[in-house]
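The values are calculated or read from the model by the stated rules, or taken from the named source; none is laboratory data. All values derive from a computational prediction rather than experimental measurement. Heads up, the Cβs are rebuilt from the backbone with ideal geometry, glycines too, and the neighbour counts pull from every protein chain shown. Side chains are part of the model used for accessible areas, which takes the heavy atoms of the whole protein and leaves out ligands, DNA and RNA. Shrake-Rupley method; radii C 1.70, N 1.55, O 1.52, S 1.80 Å.
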Amino acid sequence: MSGGPVRAFARFTGGLGRDDPPEAVRAYARRLLLDFLGTAVGGRSSAEVRALTGPGQLGEAPHEAGVLGTGRVLPAADAAFANGCAADAYEHQDGYRFGGFHPSHLIPPVLALAQVRGATLGELVTAVIAGYEVADRIGEALHPGATPRGWFPTAAAYGGAAAAARAAGGGADRIERALGLVAFHVPAVTLESIFAGVTGKPAFAGQIARTGAWAALASGAGLAGWDGVLDHPRGPLALMAGEPRPLSVDDLGERWSLTEVHQKRFAACRHTHAAAQAAVELATARGLGPGDLRSVEAEVYDVAAELVDRPVHGAPTAAAATLSLQYVLACAVRHGTVHGSHYTPERLADPDVLALASRVRVRTAPDLQAAYPESTPARITVTTADGERFTHGVDVPVGDGRSPLEEGEAEAKFLAYTEPVVGADAARAALDAVLSGEDVPVTEVIAALTLPVGAREEAP
């Protein structure tokens, strides 16, 4: 095997011991895993996800890995695809602001291969930590250069391949092959295809997850990958970012980028969160409702304006609504929060939300641009029906280490998604198992978050 970043990532992933990451890192990884599991179960209610992953779309044998929130057991790569789609359905998954992507897209393949092997939860968490460190550094190399060129960073496919190969029992050589094999399977995802708001959008997350599972399985069959996939001048990173930043491999095992990954309070693109949070805080403080606001001006940084300044016309799709600052802000004012349950067809047609969304205008501000990406700020100015004007800003929206979720908020988010599907007892058992760090089999956690095999899903 040659040197280079592929080899460095493979050695790190294969050699990471269970006790190597500090306990604070492991504890945060367990919370990120819990967050993914909840959003994946909750995302099963999406009609779009059901269409993408229903009978006829995926293979049904051999039965290897569970689809969260259902009674289906699928081949590992198909289960990864299904769970990846579901976790992306309502944009309530985690994110990494220094990479411009969602690291939890890598969890589905690791989860699938861990089930196939019969791994423990402790083994799964260690593999996930390694996968985040690989993916985050690749995301850092791609961001922000890939954005103006129109590409979504598919860094999670590499982290998923490395971590899934480890979860399958592979050592550094197999992990290196898996990383190189990503070159032949990873989707080329354009930002505009994601932010167009079309109903097929969750498939991109499913395909990233499927890539990780496929690469791990193919490497186990002895197939070799391209060891230049991460550093060749005509490789994916160079083509996406133009001049990618150097890959940070020397600090693996010293800097834990995973602790900079944020969790979301609102089910929406992170670039909408500061404006929505500012609107909720201002409306609450002033006792204002949607009908009291004659107009709203939202000032943001350039990337936010480019990606989420997307006015809605009539009742939007769930995908369009989650990616529209106008809609998310209006929904947040209407309900005080934004949750996956706010994207049902009935709620998407709420006249109060749509009317307020039509009165929101977005523009960029130089001072906010200067703060990005260290901060993801927004400032809103509302004009009331009585002609009064109020301004309020948020520099760091709730969710990352500088402004963490309130105590119990992550657990409440998980239970809100899982209890209606699997029941209160099973949801609580899964939550306790994941956060406790006890070395229970992964299959026990999956069993708590799935239905009896063959059970029919309720209509959304």
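Things to note:
- Total residues in segment 169-190 satisfying the condition of being open to solvent by less than 20 Å² (accessible area, probe 1.4 Å) and within 15 Å of G159 (Cβ to Cβ): the figure is 8.
- Among the residues of segment 297-328, those identified as surrounded by 24 or more Cβ atoms within 10 Å (Cβ to Cβ) and closer than 21 Å to F152 by Cα are V300, A304, V308, A318, A319, A321, T322, L323, S324, L325.
- Among the candidates D88, D20, the residue that is at negative phi and either touching a strand residue (DSSP E or B) at 6+ places or on another chain (Cβ under 6 Å) or buried (at least 24 other Cβ atoms within 10 Å of the Cβ) (or both) is uniquely D88.
- Tabulated pairs, segment 144-155, first surrounded by fewer than 24 Cβ atoms within 10 Å (Cβ to Cβ), second among the charged types (D, E, K, R), C-beta under 7 angstrom, 6+ apart or interchain: G145/E243; G150/E192
- Selection count, segment 207-244, where residues are basic (K, R) and modelled with pLDDT under 95: 0
- Only listed residue being touching a helix residue (DSSP H, G or I) at 6+ places or on another chain (Cβ under 8 Å), open to solvent by 50 Å² or more (accessible area, probe 1.4 Å) and modelled with pLDDT of 95 or more, chosen from A429, A433: A429
- Any hit, segment 39-48, residues being assigned to a helix (DSSP H, G or I) and either open to solvent by 30 Å² or more (accessible area, probe 1.4 Å) or out of contact with any helix residue (DSSP H, G or I) (no Cβ under 8 Å at 6 or more places or on another chain) (or both): yes
- Qualifying residues in segment 436-447 (those that are touching a helix residue (DSSP H, G or I) at 6+ places or on another chain (Cβ under 8 Å) and surrounded by fewer than 21 Cβ atoms within 10 Å (Cβ to Cβ)) - the one nearest to Q115 (Cα to Cα): T443
- Residues that are within 27 Å of the chain's Cα centre (by Cα) and of a type in the set (G, A, S) were ranked within segment 347-361; the one that is farthest from A315 (Cα to Cα) is A357.
- Candidates A112, A77: the one that is in contact with a Gly (Cβ under 9 Å, 6 or more places away or on another chain) and open to solvent by 10 Å² or more (accessible area, probe 1.4 Å) is A77.
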